[in-house]
Amino acid sequence: MRSGLGGVDSVLLIGGSSEIGVAIIEAMAPRQRIVLAGRPSGELDAAAARLATLAPRVDTVDFDALDLDSHGRTLAGIFGDGDIDVVVIAAGVLGDQTVFETDPRAAIEMTRVTYTGAASAALHGAALLRRQGHGHLVILSSVAADRPRPANFVYGSAKSGLDALGRGLSQALTGTGVDVTVVRPGFVRTRMTRGLTEAPLSTDADVVAAITARAVRKRQRIAYAPAPLKYVMGVIKALPEPIFRRLPLS
Ligand SMILES: NC(=O)c1ccc[n+]([C@@H]2O[C@H](COP(=O)([O-])OP(=O)(O)OC[C@H]3O[C@@H](n4cnc5c(N)ncnc54)[C@H](OP(=O)(O)O)[C@@H]3O)[C@@H](O)[C@H]2O)c1
């Protein structure tokens, strides 16, 4: 159970091999139990090995975002084994916007992981945290959720849905002992973005992780990473469409 000093005992990472997710666990430094839920792979095993010194118990559990029917059973089994203080939803794929525009099936396949699968895990996680009576749900959204732009609006549409779900859950769970933080990173240097041209204010997973851990301690509902993106996106969202269209980033 999360202590009065804000310490975390147990974390469940959905998308167990996620570089940002693993960095978030390192920043939270759970004292008892870490569960990495993901597709079996060398990356998942490597993540478990990397975190092995943090907590006495580090487990990997099979989780496929596309296998919706298994989500309830899988998450209930993890909670049945002991309380979970923080659930982090990190499963997602970026894909290629140029492919999506010519192959709508590929676009929908991306949304089945990045929106549908992540949303399913978030809803199951929220229900289990609520039943437990305490805990925190972290949802990795993106600045791409803030305003659609030609370079990545299909991925942005999936993140917009997930972002709205997170904000809705945050409202709906008020007073239940469960908090929700929606994190909106910009361009983060991980395997997801390897080989892509970096965007302004690009950052690293440990920066996103430190911001997320702090947001959870402070029960902040929305966090941008890096922090100045909050103001940049505030301006971008407020721009009239004709001006926004002329920006090089759109
Ligand atoms: N990197 C960025 O610039 C950036 C910016 C904003 C938001 N985000 C979001 O942050 C989250 C983590 O991204 P990251 O940068 O840490 O990238 P990452 O290391 O590639 O993590 C993505 C995770 O999603 C998992 N995943 C993909 N398809 C799955 C499926 N069908 N079932 C279960 N898990 C699946 C991957 O597992 P496998 O190993 O099995 O593929 C991996 O664990 C994502 O939601 C991403 O959209 C990233």
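Taking segment 200-238 as the range and being hydroxyl-bearing (S, T, Y) and buried (at least 17 other Cβ atoms within 10 Å of the Cβ) as the test, the residues that pass are T203, T212, Y224.
Hey, does segment 57-74 have a residue that's modelled with pLDDT of 95 or more and under 26 Å from K218 (Cβ atoms)? Looking for residues that are modelled with pLDDT of 95 or more and under 26 Å from K218 (Cβ atoms), one finds none in segment 57-74, hence no. Across segment 44-58, the qualifying residues are those that are open to solvent by 10 Å² or more (accessible area, probe 1.4 Å) and small (G, A, S), and the one among them that is nearest to T74 (Cα to Cα) is A48. Among the candidates S41, S18, the residue that is within 15 Å of the chain's Cα centre (by Cα), open to solvent by 10 Å² or more (accessible area, probe 1.4 Å) and within 11 Å of the ligand (Cβ to nearest atom) is uniquely S18.
Residues that are open to solvent by 20 Å² or more (accessible area, probe 1.4 Å) and more than 20 Å from R39 (Cα to Cα) within segment 109-127 comprise just one, A127. Filtering segment 173-189 to residues that are more than 11 Å from H136 (Cα to Cα), charged (D, E, K, R) and touching a residue at least 24 places away in the same chain (Cβ under 8 Å) leaves only R184. Only one of the listed residues (T174, T193, T181, T197) is open to solvent by less than 70 Å² (accessible area, probe 1.4 Å), polar (S, T, N, Q) and over 18 Å from A118 (Cα atoms). That residue is T193.
Out of R184, R214, R221, one residue alone is within 14 Å of the ligand (Cβ to nearest atom) and touching a helix residue (DSSP H, G or I) at 6+ places or on another chain (Cβ under 9 Å). It is R184.
All told, I34 falls short of being β-branched (V, I, T), away from the ligand (no atom under 15 Å from the Cβ), crowded, with 17+ Cβ neighbours inside 10 Å and closer than 21 Å to A210 by Cα.
Name every residue in segment 182-227 that is of a type in the set (D, E, K, R) and on the phi > 0 side of the Ramachandran plot, in order of residue number. Within segment 182-227, R219 is the sole residue that qualifies.
The values are calculated or read from the model by the stated rules, or taken from the named source; none is laboratory data. Quantities reported herein were computed from a predicted structural model and do not represent experimental measurements. Don't worry about glycine lacking a Cβ; one is built from the backbone with ideal geometry, like all the others, and counts go over all protein chains shown. We work out accessible area using only protein heavy atoms, side chains counted, and drop any ligands, DNA or RNA first. Shrake-Rupley method; radii C 1.70, N 1.55, O 1.52, S 1.80 Å.
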